[in-house]
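Report on one structure; see the data block that follows.
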There are 2 protein chains.
Amino acid sequence: LKIDINLNKTVDNSYPVIIGDLPQLVFNKKVAIVTNPTVAGLHLGTLLGKLTATEIYPIIIPDGEEHKHLGTIEYILDRLFEHRFDRSSLLIAFGGGVVGDMTGFTAALYERGIDFIQIPTTLLSAVDASVGGKTGINNRFGKNLIGSFNQPKAVYIDPSFLATLKSRELSAGIAEALKMGVMFDREYFEFLQNADISDTQELLKLISRSVSLKAEVVALDEKEHGVRAVLNYGHTFAHVIENETNYKKYLHGEAVAMGMVMANALAVNLGNMSADEAALVERVLAKFGLPTRYVVKDVDAFYDKFFLDKKTEGAKIKFIVPDGIGGHEIVSGIDENIVKAALAEFATK
Amino acid sequence: LKIDINLNKTVDNSYPVIIGDLPQLVFNKKVAIVTNPTVAGLHLGTLLGKLTATEIYPIIIPDGEEHKHLGTIEYILDRLFEHRFDRSSLLIAFGGGVVGDMTGFTAALYERGIDFIQIPTTLLSAVDASVGGKTGINNRFGKNLIGSFNQPKAVYIDPSFLATLKSRELSAGIAEALKMGVMFDREYFEFLQNADISDTQELLKLISRSVSLKAEVVALDEKEHGVRAVLNYGHTFAHVIENETNYKKYLHGEAVAMGMVMANALAVNLGNMSADEAALVERVLAKFGLPTRYVVKDVDAFYDKFFLDKKTEGAKIKFIVPDGIGGHEIVSGIDENIVKAALAEFATK
């Protein structure tokens, strides 16, 4: 006897990304603003001035990747229960990637799911974390190992919140934008090559093109069964760099920049791009103040750490490499020696 | 500037429920069997005899609702990380509702979601918890307050695993089956009225009809925005009964049976069913050895506890009452005195 459970799919999880001045937001429900002390100090007043709701509760969580764990999720959940939030209530993620990841994850779990919206305050979260619905936390086994796919109801990207960023934080966001250009769009790469991000119009163009490109990829492959893996360009190497430097020395975008340069070295060896193209990408990364050269102290040890990454399936590692500037290829089951030869180019002599 | 993120919905979360002898199960992947010591002692050998996989890991969690908390979820997650499960691995929930809820929740969180299947070993989980995809845990604020909607890939209901159940546990499952009859299907209620569940054929019919009815409801309303709330018939009262008796005195199905009798008293007062029909439902519940009369010591205190239930929205409580036997009505915003008058019928004189 077999009974088929056919669940209809009428629930739509599409959502808009609104780029520009934050509009007045009016909600006839309870709202919690999850943020960190830095963002609260700089911008909470501005947000509160634009927000109307039945009740508003700021929930301040500590800043930093090292607080992105289950204990902080429980802290947020407890506050929501204390304020008697129900399934119709709303969370607002007001901060960078850490705040966004944890707010989205909490929203997925609270009473089996409540709505959330994102108002990113870093360039990295504006161009990258605000699209895609990946939420999650770290544990002792690694980064983002526990989480869910949970889409926000809307994303508001207001460049005035980005105006207080340090230049190093801005550059970290540009690394992810350049990643999109190298993988998907040569014209966008060339725009970035000459972009002046102190000009608000150019910054808006940078953000909107990056969001559009990522939206197309995620729409094709929400759960990362295929092309979405291309977004990991530079990241396979970056995760090892971050691990070796205890997540302290480099911002995520900085590690990605150095990882892109490593992936390009592999691509050159595979015949996927010319040495000139690789050098051009490196120059543009450097132009925005990003580090490009990570020194590999021990090639074998660096290689072994690929296998700690959750994106490995069985014993095979997928490498994402450019196919020229503006194209991409996913290479699986590549010979160990080819990878190590590319790593050796970054080794201390 | 507004960019719409349109996520396609090609991922299908429909699944089969297979009722009858457990077939040979062959998986070319790592499998973890989440179960409790009682079920492991009685049936793990049988399951292992039918299961082939790359690697098989039993994960034994303590039995009982009081262990359905985040700490146990972390325990299961840690075992999966230690065994280097990846996104292609599989979890099997082998037990009753507690095992099913926690396995499904863990599967939702592990690397943002891995597959799980359910093999229920109690009648309650076979007829109720195996369909619907509600997973979750308790915390100090209440039951099932943290969780997710996560559908299994398949459910296997083998009556031989139910043969070792105590009669009290069987009865608890029948309460949920009777709930489905009273709410949706008079003919099914009449079948149950005369059913002999020691007969395997009648037990199979009981299970399959209950599963089919629940499947229809869940297909209409997976996320409980409408008709799915009808499945809470008896439960609004049962949650208070369980709270007042510290979740120890009664099995969940027993509390539901008493809650159904209370909801029926309310329905009689509202003119939704006759006193004869209410008496008939109570007799059938009693025939299966279920308790039907909970003594309300303090009507006001009992009433106030409705508001601790997460299913309340704002200050309104939804009551689910029969509309005759085989019909249902969701009553919202009902006058406090009408509810208290019904509760008073169960008060100590």
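The values are calculated or read from the model by the stated rules, or taken from the named source; none is laboratory data. Model, not experiment: these values are computed from the prediction. Note that each Cβ is placed from the backbone with ideal geometry, even for glycine, and that neighbours are counted across all protein chains shown. Quick note on the areas: whole protein, heavy atoms, side chains included, nothing else; ligands and nucleic acids left out. Shrake-Rupley method; radii C 1.70, N 1.55, O 1.52, S 1.80 Å.
When +1 charges are put on Lys and Arg Cβ atoms and -1 charges on Asp and Glu Cβ atoms, the dipole computed for chain A relative to its Cα centre reaches about 600 debye.
Between residue B:60 and residue B:274, the simple label model (points 7 Å from Cα in the Cβ direction) yields a spacing of 5.5 nm. What is the angle, in °, between the Cα long axis of helix B:97-109 and the longest principal axis of the Cα atoms in chain B? Nearest 10 is fine, range 0 to 90. That helix lies at roughly 50 degrees to the long axis.
Across A:324, A:142, A:100, mean-square fluctuation computed from a Gaussian network of chain A (C-alpha pairs under 10 Å connected) peaks at A:142. Extending 7 Å from Cα along the Cβ direction at residue A:190 and again at residue A:78 yields two label points whose distance is 5.7 nm.
Report, to the nearest 10°, how far helix A:37-50 tilts away from the longest principal axis of the Cα atoms in chain A, using its own Cα long axis and a range of 0 to 90°. Tilt relative to chain A: about 50 degrees. When residue A:223 is represented by a point 7 angstrom out along its Cα-to-C-beta vector, the spacings to that point in the other copies are 1.7 nm, nearest first.
Computed over the alpha-carbon pairs of region B:150-235, the distance histogram in 10 Å steps reads 15, 47, 33, 5 percent, short to long.
Think of the protein assembly as shown as a dipole: +1 on every Lys or Arg Cβ, -1 on every Asp or Glu Cβ, centred on the Cα centre; then among B:333, A:243, B:123, A:243 lies furthest on the positive end. Summarising the amide proton neighbourhood of residue A:53: residues at separation of 5 or more, or on other chains, whose placed amide H is nearer than 5 Å comprise A:27.
Pairwise Cα distances in region B:17-103 exceed 17 Å for 48 percent of all pairs. In this assembly, the B-A interface accounts for approximately 5500 Å² of buried accessible surface in total, computed with a 1.4 Å probe and without ligands, DNA or RNA. Subtracting the Cα-Cα distance of residue B:167 and residue B:24 from their residue separation scaled by 0.36 nm leaves 48.6 nm.
For region B:212-294, the calculated P(r), taken from all Cα-Cα distances in 10 Å bins from zero up to the bin holding the longest distance, is 18, 39, 37, 6 percent. When the trypsin sites (Lys or Arg not before Pro) in region B:35-122 are filtered for DSSP coil states and for at most 16 other beta-carbon atoms within 10 Å of their beta-carbon, the remaining sites are B:84, B:87.
Here's the list of aspartates and glutamates a cross-link from residue A:30 could span, going by alpha-carbon distance under 14 Å and ignoring same-chain residues fewer than 8 apart: A:55, A:82, A:86, A:115, B:313.
Sorting the segments A:187-194, A:134-141 by their residues' average number of neighbouring beta-carbon atoms within 10 angstrom, most packed first, yields A:134-141, A:187-194. Mind checking which of A:285, A:270, A:25 has the largest fluctuation in a GNM of chain A, springs on alpha carbons under 10 Å? Looking only at A:285, A:270, A:25, the largest GNM fluctuation is found for A:25. Between residue B:227 and residue A:201, the simple label model (points 7 Å from Cα in the Cβ direction) yields a spacing of 5.6 nm.
Expressed per residue, the C-alpha convex hull volume of the protein assembly as shown stands at 147 Å³.
Dipole size of region B:162-236 about its Cα centre, with +1 on Lys/Arg Cβ and -1 on Asp/Glu Cβ: approximately 200 debye, rounded to the nearest 20.
Computed from Cα positions, the angle between helix A:275-287 and the longest principal axis of chain A comes to roughly 40 degrees. The same position residue A:50 in the other copies lies at 5.7 nm from this copy, comparing label points 7 Å beyond Cα toward the beta-carbon, shortest first. Placing a label point 7 Å from Cα along the Cα-to-Cβ direction at residue B:204 gives distances to the equivalent points in the other copies of 6.8 nm, listed shortest first.
Short-range pairs are left out: with C-alpha atoms under 8 Å and at least six residues apart, the relative contact order of chain A is 14 percent. Inter-chain neighbour count for B:109-115: the average number of beta-carbon atoms from partner chains within 10 Å of each residue's beta-carbon is 6.
Set against the 2.2 N^0.38 Å expectation for a compact globular protein, chain B has a Cα radius of gyration ratio of 1.01. Look at the stretch B:133-143: the mean tally of other chain Cβ atoms within 10 Å of its residues' Cβ atoms is 2.
Calculated over region B:79-201, the projected area of the Cα convex hull averaged across directions stands at 9.3 nm².
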